[in-house]
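Colleague: Would you mind keeping the following structure in view while I ask a few things?
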Amino acid sequence: MKLLEFEAKKIFSGYGIPVPKAACIRRPGEIPSVLPEIGGAVVLKAQVDVGGRGKSGGILIADAGTAEETARELFARTIKGVPVEEILVEERLPIEREYYLSISVDRSSKQPIILFADAGGVDIETAARERPDAVRKATVTPLLREVPPFLLRELVGGAPRGIGQIINRLYRVFLEKDALLAEINPLVTTPSGLYAADAKLIIDDNALARQGISVNRDLTEREQEAEKYGFSYVELDGTIGVIGNGAGLTMSTLDLIEFYSGKAANFLDVGGGADQERVMHAVRLVASMPSVKVIVVNLLGGITRCDDVARGIVDAGVPQQVFVRLAGTNEEEGKRLLAGHGYTMFESMDLAVRAAVEVSQ
């Protein structure tokens, strides 16, 4: 789950990483009450979960006389389709130099990887692409609670030595907050020292409970519903709903839809041993997607009973056509139940998918 900038900075500050003086507001009228603590020269930052908000008008400069009106203007905007509901009012730093610092997971070594560059800011991706040698990298075993001094020296190079201390503190955040990404871009030098001018923190979804987070804000309402029932569920952008049991079978169904030039609307794996109620919830969940024109249910009955699957489909009572391929335990009973309620059944996954693609187009 991605934290907003003000949430990430609060955590960073708790680990001794310097951050600018700031306050988060929900309405323009709060500006006069926060400026005395922050100062007159401020930056207003829309707290929206999108990348590139600065280039999209989500970061504005103001002073004491214009801050309230600027906040009103920013609250009226949408940044890449996301409405602005919170603004971070932050002191404007006298920046001398910008750096880039991040810690993420290196999938190949299965260890934290630290990236540091002497140039930070909004164009770091371009700089890294054009000059790969500008980004210094180091992997660290998570068994270590601190980054070894020799690695810090290699990472920091000729940059201010105080950055090494910030790298170690960010590394502690990364480990202790179960992060997938901890990033400061830019990390800036000012006449009064180093500051995290921006902050990004992404928490592993599997560790949210351990971190005291009860709701994953990154999930849509349907994804939250799927999580409640324990479905493996991913929303896509097509028109054919897909329900299977087992990741391999469900992925094969998606692949076959693509092969026949169709577009899947989702991936939903109900898991093994799905009962009548579980199947009913799965079908209703997929049918609730506005884009879904037809649903393919492709299940193999082992510990899952085909007659239970059939009852679940019937109980769902969705308006879309449901094309069903069932095979395995109590297969004939399941087919009989579905036939009695007018559902279309197919002897193979190939036939079911081809029919669904035809209807969707």
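Colleague: Which strands (runs of 3 or more DSSP E) does region 9-124 wholly contain that include 1 or more residues that are surrounded by fewer than 17 Cβ atoms within 10 Å (Cβ to Cβ), small (Gly, Ala, Ser) and touching a residue at least 24 places away in the same chain (Cβ under 8 Å)?
Modeller: On the way: elements: 22-25, 42-46, 59-62, 87-91, 97-106, 111-117.
Here the list reads 97-106.
Colleague: Criterion first (at pLDDT below 95 and either more than 24 Å from VAL357 (Cα to Cα) or assigned by TED's automatic domain parsing to the domain that holds ILE257 (or both)) does ALA316 satisfy it?
Modeller: no
Colleague: Also, I was wondering about something else. Could you please let me know if ALA327 is farther than 22 Å from ALA247 by Cβ and in contact with a strand residue (DSSP E or B) (Cβ under 7 Å, 6 or more places away or on another chain)?
Modeller: When the stated conditions are applied, ALA327 does not pass them.
Residue-by-condition table, conditions (1) closer than 15 Å to ILE103 by Cβ; (2) part of a loop (DSSP other than H, G, I, E, B); (3) modelled with pLDDT under 95; (4) not assigned by TED's automatic domain parsing to the domain that holds ARG107:
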{"position": "LEU143", "(1), (2), (3), (4)": "no, yes, yes, no"}
{"position": "VAL147", "(1), (2), (3), (4)": "yes, yes, no, no"}
{"position": "LEU170", "(1), (2), (3), (4)": "yes, no, no, no"}
{"position": "ILE184", "(1), (2), (3), (4)": "yes, no, no, no"}
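Colleague: Moving on. Restricting to strands (runs of 3 or more DSSP E) lying wholly in region 265-358: which have 2 or more residues that are over 24 Å from LYS228 (Cα atoms) and more than 32 Å from the chain's Cα centre (by Cα)?
Modeller: Values: elements: 266-269, 294-301, 321-328.
Correct list: 321-328.
Colleague: Right, here's the next one. What are the residue pairs meeting all of these: first residue in region 168-185, first residue at positive phi, second residue small (Gly, Ala, Ser), Cβ atoms under 8 Å, and 6 or more apart or on different chains?
Modeller: ASP178/ALA207
Colleague: Suppose we filter region 203-244 for residues that are at pLDDT 95 or above, touching a Lys or Arg at 6+ places or on another chain (Cβ under 7 Å) and more than 16 Å from LYS2 (Cα to Cα); how many remain?
Modeller: Total meeting the criteria: 3.
Colleague: Would it be correct to say that GLY212 is at positive phi and assigned by TED's automatic domain parsing to the domain that holds VAL105?
Modeller: On the way: at positive phi: yes; assigned by TED's automatic domain parsing to the domain that holds VAL105: no.
Taking the combined requirement at face value, the residue does not satisfy it.
Colleague: Filter region 321-354 down to the residues that are of a type in the set (Gly, Ala, Ser) and crowded, with 17+ Cβ neighbours inside 10 Å, then identify the one that is farthest from SER261 (Cα to Cα).
Modeller: Filtering region 321-354 down to residues of a type in the set (Gly, Ala, Ser) leaves 327-328, 334, 339-340, 342, 348, 352.
Next cut, crowded, with 17+ Cβ neighbours inside 10 Å only: 334, 352.
Values: GLY334: 30, ALA352: 14 Å.
My answer is GLY334.
Colleague: Still on this structure, I have one more. Looking at region 174-192, which of the residues that are among the hydrophobic types (A, V, I, L, M, F, W, C) and farther than 11 Å from PRO112 by Cβ is surrounded by the fewest Cβ atoms within 10 Å (Cβ to Cβ)? Talk me through it step by step, then tell me what you get.
Modeller: Our first condition is that a residue be among the hydrophobic types (A, V, I, L, M, F, W, C); within region 174-192, this holds for 174-175, 179-182, 184, 187-188.
Now narrow it down to the ones that are farther than 11 Å from PRO112 by Cβ: 184, 187-188.
On the way: ILE184: 30, LEU187: 29, VAL188: 23.
Among those that are among the hydrophobic types (A, V, I, L, M, F, W, C) and farther than 11 Å from PRO112 by Cβ, it is VAL188.
Colleague: Can we say ASP198 is modelled with pLDDT of 95 or more, assigned to a loop (DSSP other than H, G, I, E, B) and within 19 Å of the chain's Cα centre (by Cα)?
Modeller: yes
Colleague: Anything in region 7-56 that is small (Gly, Ala, Ser) and over 19 Å from ARG169 (Cα atoms)? List them, or say none.
Modeller: Step one: list which residues in region 7-56 are small (Gly, Ala, Ser), which gives 8, 13-14, 16, 22-23, 29, 33, 39-41, 46, 51-52, 54, 56.
Across region 7-56, the qualifying residues are ALA22, ALA23, GLY29, SER33, GLY39, GLY40, ALA41, ALA46, GLY51, GLY52, GLY54, SER56.
Colleague: Go through the residues of region 287-295 one by one and say whether even a single one is assigned by TED's automatic domain parsing to the domain that holds ILE240, free of Cβ contacts under 8 Å to residues at least 40 places away in the same chain and not β-branched (Val, Ile, Thr).
Modeller: yes
Colleague: Also, quick follow-up: Just the residues that are of a type in the set (Gly, Ala, Ser), surrounded by 17 or more Cβ atoms within 10 Å (Cβ to Cβ) and modelled with pLDDT of 95 or more, please, taken from region 245-262.
Modeller: The first filter runs over region 245-262 and keeps only residues of a type in the set (Gly, Ala, Ser), leaving 246-248, 252, 261-262.
From what's left, surrounded by 17 or more Cβ atoms within 10 Å (Cβ to Cβ): 246, 262.
Result: GLY262, single match.
The values are calculated or read from the model by the stated rules, or taken from the named source; none is laboratory data. The structure displayed is predicted, hence computed values, not measured ones. Neighbour counts run over all protein chains shown; Cβ positions are idealised from the backbone, glycine included.
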